[in-house]
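Structure in structure tokens, see below.
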Amino acid sequence: MKVLCFSSFNFAYLNRARVLFASVRRYHPDWHIVALITDRVPDGFDWDISNEPIDEVVYADELAVDGVNGWLFKHDVVEVCTAVKGPYLLQACSSGVDVVVYLDPDTCLFAPITPVLQILKTSDIVLTPHQTVPDAKNEAIIDNEITSLKTGIYNLGFLAIRTTGEGLRMAQWWSDRLKEFCYDDIPNGLFVDQRWCDHVPSFFNGVHILRDPGYNVASWNLSHRTVTMDAAGGINVNGQPLRFWHFTKLGPLGDTMTKRYAKDNFQVYELWNWYRRQVIDATAASIPSGYWYYGAFESGRKIHKSYRLLYRHRKDLQEAFPDPYKSGAAGFEAWLANEGLLQEAGSARGGNR
């Protein structure tokens, strides 16, 4: 079975993606690993894929999306790094592989996920829910179950499909939806790529809901998952092998939520400490903190979210400025200035573009 595994990120998340891809290479050396990058290489960064645990790089502006620069501009960094997943998933279905696996850059494998391939011999789509056991305490219900009602029942930090049949049909549908409606707009029922997949079990046949506690372990399900380590170094979750962990929100917020639900399960903190060290070791000093090429106009001026929202909702602006990143007297940036809508420039290239 030929497998393609990809992750979507910008260069600010390359350190996490390196940790992920190294773990995939360790447990699945025969998989074809693709980095889907919504960014451009930072000045001064020596980017040599032959030195990375990656087989192929695909850049977002190479995807089959009409008016791709205008499309990219409509999204902030989280929205667009999730939006590109749909078009690329569909593209990957025609690459000659049998299975496509998506993993978020802040996940890491701790054992082979071969059982997913076994599932896909009889199913077409595999999803993991945020929670598989109801919470009992109000704090956990609010943090976990109610949050999932807002952001999506299934966590799209993982997805696996067969590239034919219902898997292909799902990829086409998801690609169509994410091209048009991949926004963080919870009041209007949208949360990037994730809320859409609440429909998947209703819209498609052959959907397997993977409830194994060793998959997609994260703060949102730690209230019902206990991590243990044996003398040989094996890591288990509720007695099952830990397949992959989702180290979401690395930093103070992640620490707070992890401590809230891991409590005295000290093995959880050992895993987090290990992961932090791996990310630090994988960090390139020549990539500015917070770097994102598409976070600024061609001039280097920071693009505020208000500019993106205005452009997103104005068809006339999209038609007038098909490449809104371009600066100059005829560009969208100049139009904003003429309308008195430009805010303070903020940091130029450096950590913003």
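Give the residues of region 158-200 that are part of a helix (DSSP H, G or I) and in contact with an Asp or Glu (Cβ under 7 Å, 6 or more places away or on another chain), sorted by residue number.
Taking region 158-200 first, the residues part of a helix (DSSP H, G or I) are 165-181, 186-188, 195-200.
Of everything in region 158-200, those that are part of a helix (DSSP H, G or I) and in contact with an Asp or Glu (Cβ under 7 Å, 6 or more places away or on another chain) turn out to be Gly165, Glu166, Gly167, Leu178.
As an exercise: evaluate Gly86 against (1) free of Cβ contacts under 8 Å to residues at least 40 places away in the same chain; (2) under 29 Å from His28 (Cβ atoms) and give the number of the one condition it does not meet.
Evaluating Gly86 over (1) free of Cβ contacts under 8 Å to residues at least 40 places away in the same chain; (2) under 29 Å from His28 (Cβ atoms) leaves (1) as the failure.
Of all residues in region 103-128, which are farther than 21 Å from Ser175 by Cβ and either hydroxyl-bearing (Ser, Thr, Tyr) or more than 20 Å from the chain's Cα centre (by Cα) (or both)?
Taking region 103-128 and keeping what is farther than 21 Å from Ser175 by Cβ, we get 106-119, 121-122.
Thr107, Ala111, Pro112, Thr114, Pro115, Leu117, Gln118, Ile119, Lys121, Thr122, listed by residue number.
It is to be established whether one or more residues within region 147-160 are free of Cβ contacts under 8 Å to residues at least 24 places away in the same chain and either β-branched (Val, Ile, Thr) or farther than 12 Å from Val207 by Cβ (or both). Don't jump to the end; show me each part of the working.
The first filter runs over region 147-160 and keeps only residues free of Cβ contacts under 8 Å to residues at least 24 places away in the same chain, leaving 149.
Checking the rest, the ones that are also either β-branched (Val, Ile, Thr) or farther than 12 Å from Val207 by Cβ (or both) come to 149.
Scanning region 147-160 turns up at least one residue that is free of Cβ contacts under 8 Å to residues at least 24 places away in the same chain and either β-branched (Val, Ile, Thr) or farther than 12 Å from Val207 by Cβ (or both).
Within region 24-48, which residues are over 24 Å from Ala83 (Cα atoms) and either under 17 Å from the mean Cα position of the chain (by Cα) or of a type outside the set (Gly, Ala, Ser) (or both)? Break it down stepwise before answering.
We begin by selecting, within region 24-48, every residue over 24 Å from Ala83 (Cα atoms); these are 25-30, 43-48.
Answer for region 24-48, where residues must be over 24 Å from Ala83 (Cα atoms) and either under 17 Å from the mean Cα position of the chain (by Cα) or of a type outside the set (Gly, Ala, Ser) (or both): Arg25, Arg26, Tyr27, His28, Pro29, Asp30, Asp43, Phe45, Asp46, Trp47, Asp48.
Let me ask something else about it. Suppose we filter region 135-157 for residues that are at pLDDT below 95 and assigned to a loop (DSSP other than H, G, I, E, B); how many remain?
So the answer is 3.
Right, another one. Find all pairs meeting these conditions: Cβ atoms under 7 angstrom apart; at least six residues apart or on different chains; first residue within region 287-309 and on the phi < 0 side of the Ramachandran plot; second residue of a type in the set (Ser, Thr, Tyr) and surrounded by fewer than 21 Cβ atoms within 10 Å (Cβ to Cβ).
Phe297/Tyr325; Phe297/Ser327; Glu298/Tyr325; Glu298/Ser327; Ser299/Ser327; Lys302/Ser347
Name the residues in region 127-171 that are touching a helix residue (DSSP H, G or I) at 6+ places or on another chain (Cβ under 6 Å) and surrounded by fewer than 16 Cβ atoms within 10 Å (Cβ to Cβ), would you?
Val133, Lys150
Can I ask one more? Just to be sure, is Val57 of a type in the set (Val, Ile, Thr), within 30 Å of Arg314 (Cβ to Cβ), in the same structural domain as Val84 (by TED's automatic domain parsing) and not in a helix (DSSP H, G or I)?
Values: of a type in the set (Val, Ile, Thr): yes; within 30 Å of Arg314 (Cβ to Cβ): no; in the same structural domain as Val84 (by TED's automatic domain parsing): yes; not in a helix (DSSP H, G or I): yes.
No; evaluated as a whole, the condition is false for this residue.
If you don't mind, another one. Tell me which helices (runs of 4 or more DSSP H) are completely within region 256-353 and hold 2 or more residues being at pLDDT 95 or above and within 24 Å of Asp185 (Cβ to Cβ), or say none if there are none. I'd like the intermediate steps shown before the answer.
Numbers: elements: 266-281, 305-313, 315-320, 332-338, 349-352.
Of the helices (runs of 4 or more DSSP H) lying wholly inside region 256-353, those with at least 2 residues that are at pLDDT 95 or above and within 24 Å of Asp185 (Cβ to Cβ) span 305-313, 315-320, 332-338.
Looking at region 87-102, which of the residues that are within 11 Å of Leu36 (Cβ to Cβ) and not polar (S, T, N, Q) is nearest to the chain's Cα centre (by Cα)? First the steps, then the outcome.
So the first thing to find is which residues in region 87-102 are within 11 Å of Leu36 (Cβ to Cβ), and the list is 87-89, 91-92, 102.
Restricting the remaining residues to those that are not polar (S, T, N, Q) gives 87-89, 92, 102.
Details: Pro87: 14, Tyr88: 13, Leu89: 13, Ala92: 16, Tyr102: 9 Å.
Going through the qualifying residues, I end up with Tyr102.
Inside region 201-248, counting only strands (runs of 3 or more DSSP E) that do not spill past its ends, which hold 1 or more residues that are within 24 Å of the chain's Cα centre (by Cα)? Write out each step before concluding.
Details: elements: 207-209, 227-229, 235-237, 244-246.
Hits in region 201-248: 207-209, 235-237, 244-246.
The values are calculated or read from the model by the stated rules, or taken from the named source; none is laboratory data. Treat the numbers as computed from the prediction; the structure is a model and nothing was measured. Every residue, glycine among them, receives a Cβ derived from its backbone with ideal geometry; neighbour counts consider all protein chains shown.
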